[in-house]
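Asker: First, the structure itself, so that you have it in front of you.
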Amino acid sequence: MGNHDMNYDVTTDSLSDESFEAAFGPNNYSFNYGNAHFIVLDDILYPNPRTGKGYLGGFRKDQLDWIENDLKLVPKDRLIVLAFHIPLYHENSNVFRTEDRQRLFDLLQPYPNTLSLSAHTHYQTQLFYKAEDGWKQSKPHHEYNVGTTSGDWYSGTLNKQGVPSSTMRDGTPKGYMFLNIKGNQYSFDYKVAGEQPDYQIRLFGTGVVAKKYVSRHPLYANFFIGTKDDLVEYRVNGGEWKAMKYTTDIDPHYTANLYQYDGATSLQEGRRPSDPVKSSHLWRVNLPKLDVGNHTVEVRATDMFGRKHLQQKTIQVVEK
């Protein structure tokens with residue numbers, strides 16, 4: 001259940017899910033699938049217990065007590081997958097109640113194989129919780145804050161399917177995730193809506209450039225499921241692979257589309273996209289010197305599971 005699925009006319013959080021449950025079923029439940037144990041949770045407290053207005057990310061005591069009792073029946077070697085709406089991580093406790101996250105982490109301490117799935121932000125981030133975050137295992141706890149099928153709220157210009165491109169504010173195309181489970185281990189695939197499954201990197205950079213200015217031009221690679229520790233490399237015309245530089249910046253492809261609205265001289269179809277946020281999965285490099293002619297630039301990204309993903313583009317260099 002998300003914050004758009006609640007009853008906002010109630011005065012206690014335990015009643016905020018009544019309409020959702022009447023239509024869809026429980027919003028706190030667990031089930032087993034193979035060697036994985038799934039725990040689905042409502043982590044939206046309404047009304048906000050601190051202010052009485054709006055909502056706050058967190059869990060009620062009775063929910064955490066239920067998780068504790070539920071886990072008593074789950075073998076320690078199982079994969080524990082938690083799913084909820086608001087991400088556990090925020091830079092301040094005004095968005096998610098820190099003490100609730102800490103008790104959840106305490107309950108998960110005996111389980112070496114865990115994963116959390118979240119939503120809410122309308123962009124895509126891989127989060128890893130360590131000792132400084134209250135996680136009590138040497139192996140960090142991974143939370144995948146998954147991109148959305150609506151992207152940036154169905155905004156932006158129309159794509160080749162004739163619907164809003166709706167790229168998310170960090171440059172992630174709208175889409176959905178497949179969770180793959182083998183034993184008590186997991187991997188996942190992000191599927192961009194309307195594209196082939198191997199479309200995992202968007203390249204942004206010039207397609208044609210004067211020879212004397214080539215090295216002034218950057219090439220950006222947005223690796224949609226990437227983390228700052230992943231290796232992203234490039235090569236030109238089948239040459240040597242060289243590392244690109246990880247950067248925490250605004251995705252230039254996203255802003256280029258946004259400026260079609262902000263700099264418009266005629267009426268633009270569709271809704272203006274939201275303002276951008278810095279991407280957590282963006283790499284860049286300045287192009288090397290290139291001779292006149294057409295050049296193929298390839299980018300290779302190695303994900304957290306050791307899988308390699310490829311994307312390429314052609315750059316024309318002219319004498320001018």
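Read-outs: derived from the displayed coordinates by stated rules, not from any lab. Just so we're clear, the structure is a prediction, and the values are computed from it rather than from any experiment. Note that we place each Cβ from the backbone using ideal geometry, even for glycine, and neighbour counts take in every protein chain shown.
Asker: Among the residues of the range 182-200, write down those that are in contact (Cβ under 8 Å) with a residue 40 or more places away in the chain and either in contact with a Ser or Thr (Cβ under 8 Å, 6 or more places away or on another chain) or buried (at least 17 other Cβ atoms within 10 Å of the Cβ) (or both).
Answerer: Correct list: Asn184, Tyr186, Phe188, Tyr190, Ala193, Gln200.
Asker: For Val297, all conditions in the list (1) of a type outside the set (D, E, K, R); (2) surrounded by 15 or more Cβ atoms within 10 Å (Cβ to Cβ); (3) in contact with a Lys or Arg (Cβ under 7 Å, 6 or more places away or on another chain); (4) without any contact (Cβ under 8 Å) to a residue 60 or more places away in the chain hold save one; what is the number of the exception?
Answerer: Tallying (1) of a type outside the set (D, E, K, R); (2) surrounded by 15 or more Cβ atoms within 10 Å (Cβ to Cβ); (3) in contact with a Lys or Arg (Cβ under 7 Å, 6 or more places away or on another chain); (4) without any contact (Cβ under 8 Å) to a residue 60 or more places away in the chain, Val297 fails exactly one: (4).
Asker: Could you check the range 269-285 and list, in sequence order, the residues that are in contact with a helix residue (DSSP H, G or I) (Cβ under 6 Å, 6 or more places away or on another chain) and either farther than 28 Å from Ser165 by Cβ or surrounded by fewer than 16 Cβ atoms within 10 Å (Cβ to Cβ) (or both)?
Answerer: Passing the criteria: only Arg272.
Asker: Now, a different point. Among the listed residues Tyr254, Tyr246, Tyr259, which satisfies the condition of being loosely packed, with under 15 Cβ neighbours inside 10 Å and under 27 Å from the mean Cα position of the chain (by Cα)?
Answerer: Among Tyr254, Tyr246, Tyr259, only Tyr259 is loosely packed, with under 15 Cβ neighbours inside 10 Å and under 27 Å from the mean Cα position of the chain (by Cα).
Asker: From the set of residues in the range 59-95 that are of a type in the set (A, V, I, L, M) and over 27 Å from Val10 (Cβ atoms), which is surrounded by the most Cβ atoms within 10 Å (Cβ to Cβ)?
Answerer: The extreme case among them is Ile80.
Asker: Related question: If a residue has to be surrounded by fewer than 13 Cβ atoms within 10 Å (Cβ to Cβ) and not in a loop (DSSP other than H, G, I, E, B) to count, how many in the range 30-58 make the cut?
Answerer: 3
Asker: Just for the range 7-26: of the residues that are in a helix (DSSP H, G or I) and in contact (Cβ under 8 Å) with a residue 24 or more places away in the chain, which one is surrounded by the most Cβ atoms within 10 Å (Cβ to Cβ)?
Answerer: Here the residue is Asp13.
Asker: Pairs needed: first member in the range 134-160, touching a residue at least 12 places away in the same chain (Cβ under 8 Å) and over 26 Å from Lys76 (Cα atoms); second member anywhere, assigned to a loop (DSSP other than H, G, I, E, B) and among the acidic types (Asp, Glu); C-beta distance under 9 Å; at least 6 residues apart or different chains.
Answerer: Gly147/Asp170; Thr157/Glu269; Leu158/Glu269
Asker: Restricting attention to the range 170-200, report how many residues are among the charged types (D, E, K, R) and more than 11 Å from Phe224 (Cα to Cα).
Answerer: 3
Asker: Moving on to the next point. Hey, could you check the range 44-87 for residues that are among the aromatic types (Phe, Trp, Tyr) and closer than 26 Å to Pro112 by Cβ and say which is farthest from the chain's Cα centre (by Cα)?
Answerer: Selected residue: Trp66.
Asker: Scan the range 41-85 residue by residue and report those that are within 16 Å of His141 (Cβ to Cβ) and touching a Gly at 6+ places or on another chain (Cβ under 6 Å).
Answerer: Asp43, the sole residue that qualifies.
Asker: Something else about it: Give the residue, chosen from Leu267, Leu310, that is aliphatic (A, V, I, L, M) and either assigned to a loop (DSSP other than H, G, I, E, B) or free of Cβ contacts under 8 Å to residues at least 40 places away in the same chain (or both).
Answerer: Selected residue: Leu267, the only one of Leu267, Leu310 that is aliphatic (A, V, I, L, M) and either assigned to a loop (DSSP other than H, G, I, E, B) or free of Cβ contacts under 8 Å to residues at least 40 places away in the same chain (or both).
Asker: Run Lys136 past the list (1) in contact with an Asp or Glu (Cβ under 9 Å, 6 or more places away or on another chain); (2) crowded, with 16+ Cβ neighbours inside 10 Å and report the number of the one that doesn't hold.
Answerer: (2)
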